[in-house]
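Below is one structure, written out as structure tokens, with a few remarks after it.
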Amino acid sequence: MNYSQLANSRILEQPTYQPGKPIEVVAREQGFKPHEICKLASNENPWGASPLALQAGHEALEGVHRYPDGNGTYLREQLAEIHALSPSQFILGNGSNEIIELIGHVFLNPKDEVLFGEHAFVVYKLVALLMGAKPVCAPMTDLRHDLHLMREKVNQNTKLIFLPSPNNPTGSWNSEEEIIEFVCGLPEHVIFCFDEAYAEYLDNPPNLKALINEGRKIIALRTFSKIYGLAGLRIGYGYGSEEVIRLLQLARQPFNANSIAMASAIAALKDQDWVEECRSKNNRGLRQLEEACDSMGLPWVPSKANFLLIKIGNGTQAFQELQKIGIIARPMPDSLRDYIRISVGTSQENKFVIEGLKQILPLLGKV
Ligand SMILES: *Cc1c(COP(=O)(O)O)cnc(C)c1O
């Protein structure tokens, strides 16, 4: 008997998450020095974390022989103050991806359906499959979540709905008004998970807190991996009713959020000037990429996040050609095979990738 025969039957079918390729790997494969590589593959903050967050992280390093505060007391108190909720309405995660998994552990049974848009963030499907639940895709319109079409897919077995806004990898978003209408029209047995990974890039992110406090079944997720620039530390959080947070806390490991990450996150939250500056630099970067695409005749999907989905013809080939010149972009799954996703970089990185795109277009059969 081998291990595979002993494994549960689900794990053998589980698809693998394809992360953005790391700088060091591409440098080695393509014969570059790591500093020569321009990575625009994982929607990271190209300006990095706030210096205050880095300093707090360094200081926390001195105490790593101690276990972290398993309750995340200070960070949860600070989040409570920022969101005007109670600390018991917050759960911390090893990235918000961990909380997506915790939601699966707490709520999903094999007969349950998990509903999300056909081009939504891929982790929802992975978690549904891992739990043995049934992933259900709602069609999207012009690569944007269509909440009316999504509503039509809700049935007696629907347990969980994921909506990311802005969505990754499309960058498309939904208004507060349409989200509220959608949530208020859901039956009682459905939990709505609102993934706000890119909320800080919006001028006025949709606010569902009144609905949460009214008792609607909503779990919202945020992360420090994107605008806060702490992707490598793995820290995110969820908020909702005290009841749902209590259940999620039961499913997590005692020390899932580490001490360096929590200390850095606390300091990062205090530096909202940094966040604002990154938001406006990101907007300028988006315009820079959009205008370059327009001048090259490349269609793109309107985005309010820190990346742009560009219709390039053959996304996989474009990805490979860009790598040869030291640029890591993100190839897309088959359903978006004509596209490539490019994260907004510094203006210099954007220039570099624009030059790169110009250079590879003839190779893709475009002039
Ligand atoms: C990046 C991202 C997350 C969060 O990732 P973590 O690093 O695990 O916090 C969640 N949802 C979407 C849609 C994302 O793009």
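Quick notes
- Whether segment 252-302 is rounded, prolate or oblate, judged on the alpha carbon gyration tensor where a/c under 1.5 counts as rounded: oblate
- Fully extended contour minus Cα-Cα distance, from LEU363 to LEU61, at 0.36 nm per residue: 103.9 nm
- Dipole of the chain [Lys/Arg +1, Asp/Glu -1 at C-beta], most positive-end residue of TYR3, PRO139, THR170: TYR3
- Ordering 6-19, 119-132, 94-107 by mean Cβ neighbour count within 10 Å, with the highest value first, yields 94-107, 119-132, 6-19.
- If R0 is 41 Å, the Cβ-Cβ spacing of THR73 and LEU202 corresponds to a FRET efficiency of close to 0.90.
- Solvent-accessible surface of the chain, taken per residue with a 1.4 Å probe and all protein chains present: 47 Å².
- Calculated FRET efficiency for the pair ILE180/ASP142, C-beta based, R₀ 25 Å, to 0.05: 0.70
- Portion, in percent, of the accessible area of segment 51-271 that falls on carbon or sulfur, probe 1.4 Å: 52 percent
- Taking the Cα centre of segment 51-271 as reference, the dipole from Cβ charges on Lys and Arg (+1) and Asp and Glu (-1) amounts to some 600 debye.
- Taken as Cα centroids, segment 79-125 and segment 285-347 sit 28 Å apart, rounded to the nearest whole angstrom.
- Accessible surface, 1.4 Å probe, highest first, among residues MET150, MET296: MET296, MET150
- Projecting the Cα atoms of PHE182, VAL122, PHE90 onto the dipole axis of segment 80-186, where Lys and Arg carry +1 and Asp and Glu carry -1 at the beta carbon, places VAL122 farthest toward the positive end.
- Between MET296 and TYR3, the contour length at 0.36 nm per residue exceeds the alpha carbon distance by 100.3 nm.
- Computed about the Cα centre, the dipole magnitude for segment 110-183 is approximately 440 debye when only Lys and Arg (+1) and Asp and Glu (-1) carry charge, each at its Cβ.
- Pairs exceeding 19 Å between alpha-carbon atoms, taken from LYS21/LYS226; LYS159/LYS304; LYS153/LYS226; LYS226/LYS281: LYS159/LYS304; LYS153/LYS226.
The values are calculated or read from the model by the stated rules, or taken from the named source; none is laboratory data. Bear in mind that the values here come from a model prediction, so they are computed numbers and not experimental data. Here the Cβ is made from the backbone with ideal geometry for all residues, glycine too, and neighbour counts use every protein chain on show. Please note that ligands, DNA and RNA were not included when accessible areas were found on the heavy atoms of the full protein model with its side chains. Shrake-Rupley method; radii C 1.70, N 1.55, O 1.52, S 1.80 Å.
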